[in-house]
1. Of the residues that sit in region 182-197 and are in a loop (DSSP other than H, G, I, E, B) and in contact with a strand residue (DSSP E or B) (Cβ under 8 Å, 6 or more places away or on another chain), which one is surrounded by the fewest Cβ atoms within 10 Å (Cβ to Cβ)?
2. Can you spot a residue in region 165-176 that is more than 25 Å from residue 63 (Cβ to Cβ), over 17 Å from the mean Cα position of the chain (by Cα), within 16 Å of the ligand (Cβ to nearest atom) and part of a helix (DSSP H, G or I)?
3. Cβ-Cβ distance below 7 Å, separation of 6 or more or different chains: which pairs start in region 82-94 with a residue that is farther than 19 Å from residue 130 by Cβ and end on one that is assigned to a strand (DSSP E or B) and within 11 Å of the ligand (Cβ to nearest atom)?
4. Do you know which of the residues in region 114-137 that are part of a helix (DSSP H, G or I) and over 17 Å from the mean Cα position of the chain (by Cα) is farthest from the ligand (Cβ to nearest atom)?
5. Hey, among the residues in region 58-79 that are over 25 Å from residue 252 (Cα atoms) and in contact with a helix residue (DSSP H, G or I) (Cβ under 7 Å, 6 or more places away or on another chain), which one's farthest from the ligand (Cβ to nearest atom)?
6. Residue under question is residue 195, and the condition is that it be touching a helix residue (DSSP H, G or I) at 6+ places or on another chain (Cβ under 6 Å) and under 22 Å from residue 106 (Cα atoms); does it hold?
7. Within region 259-277, track down each residue that is over 24 Å from residue 127 (Cβ atoms) and buried (at least 19 other Cβ atoms within 10 Å of the Cβ).
8. Is it true that some residue in region 206-217 is modelled with pLDDT of 95 or more, over 19 Å from residue 128 (Cα atoms), under 22 Å from the mean Cα position of the chain (by Cα) and not in a loop (DSSP other than H, G, I, E, B)?
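The values are calculated or read from the model by the stated rules, or taken from the named source; none is laboratory data. Being a predicted model, the structure only gives us computed values, none of them experimental. Cβ sites come from the backbone with ideal geometry, for glycine too, and all protein chains shown count toward neighbours.
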Ligand SMILES: NC(=O)c1ccc[n+]([C@@H]2O[C@H](COP(=O)([O-])OP(=O)(O)OC[C@H]3O[C@@H](n4cnc5c(N)ncnc54)[C@H](OP(=O)(O)O)[C@@H]3O)[C@@H](O)[C@H]2O)c1
């Protein structure tokens, strides 16, 4: 059976450029996914004009039925999954008027809970040699450093997915109760924006070593590697096109991570920026 790669939220932005790169470099089928079928098919047809041939499948990472349908499609047509890029994500605009608690819930639901739902559904069908990347952000590092010492310790001490999910739920719940600062969570990020996006990405930075260990402990499969990365400040809808990287530059590190050679020893379970392993808790640009 052919190998297969899936990129979430790839109808535009960095995900679209990752699909473009995979179509050129990955030896197998590449599935461009989008929550909206129309936007997804439009993106596929744009890439076809470049002579590339991604396939399309609908995927809303916040809809478990949609995730299950993709899994079913992958099992029926490919018998598993070889590359997974958890790229789909969102951020409120700097000038958003929605209350902090609402921004916290909506952002964590997509960036952390949605990504985790995809991971938990797809991890069991990853083939030997599979590569997974979660799109995190340097803003997770800034949000970590702005968190209280006790909260930082809880983050450092987390050993399982449930610990990470518990922290994300604690952030949302305490924001709703108006006590997130008292709980040790930051309100404002380093660039003056609400810290919700950075906190949601803390969850993704934390998951890499935890999931890598689960995969390493699974004796039934081998050479499966997961990493988190920051693509750098990239000009997309998410940044109001203010980023300095083009989408192809933003796609460089995630592409490097999913094309790592067989039996690679590093990076595994790490946070990577510009193809370099960084400690996400201390990393700054
Ligand atoms: N741009 C940067 O500077 C930067 C920096 C660090 C990290 N990142 C991360 O990189 C990733 C890509 O961001 P980007 O800058 O390329 O943003 P973007 O252009 O806004 O693209 C985001 C993509 O995610 C999709 N999406 C949102 N919610 C979804 C859901 N529930 N299910 C499926 N797809 C969903 C969007 O679909 P719709 O078109 O339907 O909305 C879109 O395709 C994100 O995880 C982001 O946090 C970006």
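1. Ranking the qualifying residues of region 182-197, first place goes to 187.
2. No, there is no match, as no residue in region 165-176 is more than 25 Å from residue 63 (Cβ to Cβ), over 17 Å from the mean Cα position of the chain (by Cα), within 16 Å of the ligand (Cβ to nearest atom) and part of a helix (DSSP H, G or I).
3. From region 82-94, the pairs are 89/135.
4. Selected residue: 124.
5. 75
6. Working: touching a helix residue (DSSP H, G or I) at 6+ places or on another chain (Cβ under 6 Å): yes; under 22 Å from residue 106 (Cα atoms): yes.
So residue 195 fits the description; yes.
7. 271, 273
8. Yes - at least one qualifying residue is present in region 206-217.
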